[in-house]
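I have placed the structure first, in the form of structure tokens, so that the comments after it can refer back to it.
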Amino acid sequence: MTLTVAVLVFEDAAEMDIVGPIQVLAAARPGEGEALRILTVSLDGGEVSCESGLRILSDRTLDELAQPDILLIPGGSGALRAAEEPRILAWLAACGPGCRTLATVGCGAFPLVAAGLAAGHCITTHPAQVASLRVLGGAEVVEGVRFLCDDRLLSCTGAAAAVDMGLWLVEQLHGEVAVERVRHAIAPVSEALH
């Protein structure tokens with residue numbers, strides 16, 4: 001079985017919040033668990049400019065991807081605007097309940113909370129945004145942790161923690177042997193982040 005991993009991309013998303021988890025998940029070899037098909041999805045498709053200028057060509061529009069198995073929402077300054085975009089919130093509210101895993105990096109927690117998908121759960125975010133996420137309401141915001149798993153909701157504080165979150169997800173999907181293989185494949189990146 002192949003699982004679809006959708007990475008929501010939007011203007012001014014943080015590049016490392018996108019690329020780090022994709023690198024980790026892509027390094028997991030199929031054969032020990034379910035294969036992953038990783039797609040980027042955006043509001044209208046086409047090119048999206050991230051915070052530091054990297055441009056990402058979206059694989060699908062929100063309308064073209066109705067139900068991913070795993071959804072990743074990156075942070076960055078654009079995440080706060082994404083949390084106010086009605087079409088993004090409607091898409092999250094529609095597909096989120098059917099996702100096996102919902103994952104956020106840093107401020108990517110804002111759209112998830114705004115869409116009502118973190119209600120009754122614990123979530124974390126970038127340390128500088130904890131108070132703002134608490135004001136938004138709808139979830140118990142936990143500080144002082146890098147990575148948090150609450151049922152099917154994964155959240156982390158930022159790009160470096162996103163690598164750890166990705167490794168945890170690889171372990172859940174493919175087992176510890178796959179995690180060690182991924183660690184070896186990304187060793188230069190992983191070591192630089194710790």
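The values are calculated or read from the model by the stated rules, or taken from the named source; none is laboratory data. Quick caveat, the model's predicted, so the values are computed rather than measured. Reconstructed Cβ throughout: ideal geometry from the backbone, glycine too, with neighbour counts over all protein chains shown. Keep in mind that these areas ignore ligands, DNA and RNA; they rest on the heavy atoms of the full protein, side chains included. Shrake-Rupley method; radii C 1.70, N 1.55, O 1.52, S 1.80 Å.
Computed quantities for the displayed model
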{"item": "Residue match in the range 154-164 (condition: without any contact (Cβ under 8 Å) to a residue 40 or more places away in the chain, closer than 22 Å to Leu71 by Cα and in contact with a strand residue (DSSP E or B) (Cβ under 6 Å, 6 or more places away or on another chain))", "result": "yes"}
{"item": "Residue in the range 45-58 that is over 25 Å from Ala161 (Cβ atoms), surrounded by fewer than 17 Cβ atoms within 10 Å (Cβ to Cβ) and touching a residue at least 24 places away in the same chain (Cβ under 8 Å) present", "result": "no"}
{"item": "Segments classed as helices (runs of 4 or more DSSP H), wholly inside the range 121-194, with at least 2 members that are open to solvent by 50 Å² or more (accessible area, probe 1.4 Å) and within 14 Å of Cys107 (Cα to Cα)", "result": "130-136"}
{"item": "Val19 being open to solvent by 10 Å² or more (accessible area, probe 1.4 Å), β-branched (Val, Ile, Thr) and in a helix (DSSP H, G or I)", "result": "yes"}
{"item": "Considering residues of the range 77-89 that are touching a residue at least 60 places away in the same chain (Cβ under 8 Å) and over 23 Å from Arg152 (Cβ atoms) only, the residue most open to solvent (accessible area, probe 1.4 Å)", "result": "Arg81"}
{"item": "Qualifying residue in the range 164-175 (condition: at positive phi and at pLDDT below 95)", "result": "yes"}
{"item": "Conditions (1) at pLDDT below 95; (2) outside any helix (DSSP H, G or I); (3) of a type outside the set (Val, Ile, Thr); number of the one not met by Glu11", "result": "(1)"}
{"item": "Out of Pro74, Pro97, sole residue that is buried (at least 23 other Cβ atoms within 10 Å of the Cβ) and either modelled with pLDDT of 95 or more or touching a Phe, Trp or Tyr at 6+ places or on another chain (Cβ under 8 Å) (or both)", "result": "Pro74"}
{"item": "Total residues in the range 14-56, condition of a type in the set (D, E, K, R), more than 21 Å from Ala187 (Cβ to Cβ) and modelled with pLDDT of 95 or more", "result": "3"}
